1. Counting only helical runs of four or more DSSP H residues, what would the 222 nm mean residue ellipticity of the chain come to if each run contributes -39,500 (n - 2.57) and the total is spread over all its residues?
2. Each label point is 7 Å from the Cα along the Cα-to-Cβ direction; what then is the distance between the points at residue 228 and residue 416, in nm?
3. Once you have the Cα-Cα distance between residue 207 and residue 88, take 0.36 nm times their residue separation minus that, and quote the gain in nm to one decimal.
4. Tell me, in nm to one decimal, what length is gained between residue 153 and residue 26 on full extension, where the rule is 0.36 nm per residue of separation less the Cα-Cα distance?
5. Considering Cα pairs under 8 angstrom that are at least six residues apart, work out the relative contact order of the chain and quote it in whole percent.
6. Give the calculated FRET efficiency between residue 392 and residue 317 to the nearest 0.05, with a Förster radius of 22 Å applied to their Cβ-Cβ distance.
7. If I stretch the segment between residue 185 and residue 63 completely, what's the gain in nm (0.36 nm per residue apart, minus their alpha carbon distance), one decimal?
8. Hey, can you rank 149-158, 254-263, 168-177, 66-75 by average C-beta count inside 10 Å, highest first?
Ligand code: IMO
Ligand code: MG
């Protein structure tokens with residue numbers, strides 16, 4: 001049995017939750033591989049709205065094991081709140097498993113995130129201020145504390161060392177100092193609560209593969225936020241692309257099956273950084289309102305614009321996408337005219353080669369093709385054939401240029417408002 005993967009194709013918030021929700025109904029295990037509570041995956045089930053930041057949304061299926069992989073950075077406080085929320089809504093949390101190797105976020109990571117943003121001044125990244133970057137820094141610096149250390153209460157000494165070091169920096173900038181005793185007390189409490197969920201997930205996943213179980217990897221963030229392939233430095237601090245799935249779970253490349261790239265029929269971005277097809281104007285405002293483009297995690301209004309096929313082709317390339325999942329086709333269909341970016345023009349030449357280099361992008365101009373909108377209500381369309389001509393033309397062109405088949409078409413907000421091709 002192959003492991004299927006759902007990844008973000010652009011700058012996040014493509015509606016990965018909806019596709020994951022559908023696919024996890026047939027999955028025995030659903031895994032988060034990278035990132036932390038910078039992610040926000042909203043899904044609506046039985047009239048209840050959930051916004052998951054850490055727990056794989058597969059947890060809502062009774063028979064699906066929800067695994068937080070080793071590549072994730074875990075804020076225990078947030079995780080415990082999320083566990084409580086799942087329980088209070090009448091769902092079981094018994095199927096949650098957390099990797100013993102996942103790194104833990106501490107209050108100094110969150111404070112460091114804020115300090116670093118402040119120091120970047122006008123070059124700020126616009127992080128979610130959840131401590132994600134500093135936690136990954138400690139992981140690579142090899143002073144991180146892992147879930148196993150936490151729940152086995154082997155973290156006091158390294159934690160004290162870390163706090164001393166970080167406090168030296170906070171002192172320099174007149175930031176509040178971290179109280180060692182308080183953090184130890186607080187985290188011992190978390191350790192007790194989380195202990196029963198922490199296991200060796202690498203062996204767990206491989207045992208499941210041997211038993212022919214279906215595994216689904218839930219991507220967070222997205223290709224253009226990737227530390228290697230994204231618009232550096234305006235990126236997150238992990239690899240939300242396909243490589244991160246392998247390193248974030250211990251699942252080797254030979255096990256990977258379908259790799260679905262999720263996108264919206266338009267585009268959006270939170271935080272700073274280049275964004276060529278951004279519509280910082282009335283059109284962008286309209287898309288934001290129609291698509292409710294406000295952050296799940298930070299509530300920030302998202303920057304909105306047209307779909308960029310140059311970027312999508314790049315996402316297809318670096319991830320080896322086998323299928324596209326296009327959300328918000330209903331939303332874009334509310335506009336009268338729709339534009340699709342089909343190339344970048346630079347020095348009089350048009351290219352399909354994407355660049356993440358801000359300086360490079362500065363001289364590029366998007367080349368647009370215009371499509372007719374007014375799709376009408378498509379929420380009842382069950383097949384691609386049922387879609388209105390205008391919608392078909394738009395989708396066909398995307399497929400034609402990116403050369404990856406469309407496998408899912410989002411036709412509305414409801415859980416089942418989706419065409420499976
Ligand atoms: P989901 O999984 C959208 C963005 C932040 C910022 C940059 C770095 O919901 O698609 P970080 O806090 O990670 O250091 O911030 O990355 N970012 C996201 N944008 N959706 C996300 O996740 C994001 N996770 C991080 O806005 O620009
Ligand atoms: Mg988000």
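1. -10000 deg cm²/dmol
2. Rounded to a tenth, the inter-label distance reads 4.2 nm.
3. The span from residue 207 to residue 88 would gain 39.7 nm if fully extended.
4. 42.0 nm
5. Result for the chain is 19 percent.
6. With a Förster radius of 22 Å, E is 0.30.
7. Contour length minus Cα-Cα distance gives 40.4 nm.
8. 66-75, 254-263, 149-158, 168-177
We did not get these values from a lab; they are worked out from the coordinates using the rules stated. Keep in mind that this is a model prediction, so the values were computed, not measured. FYI the Cβ positions are ideal-geometry reconstructions off the backbone, even for glycines, and counts take in every protein chain you see.
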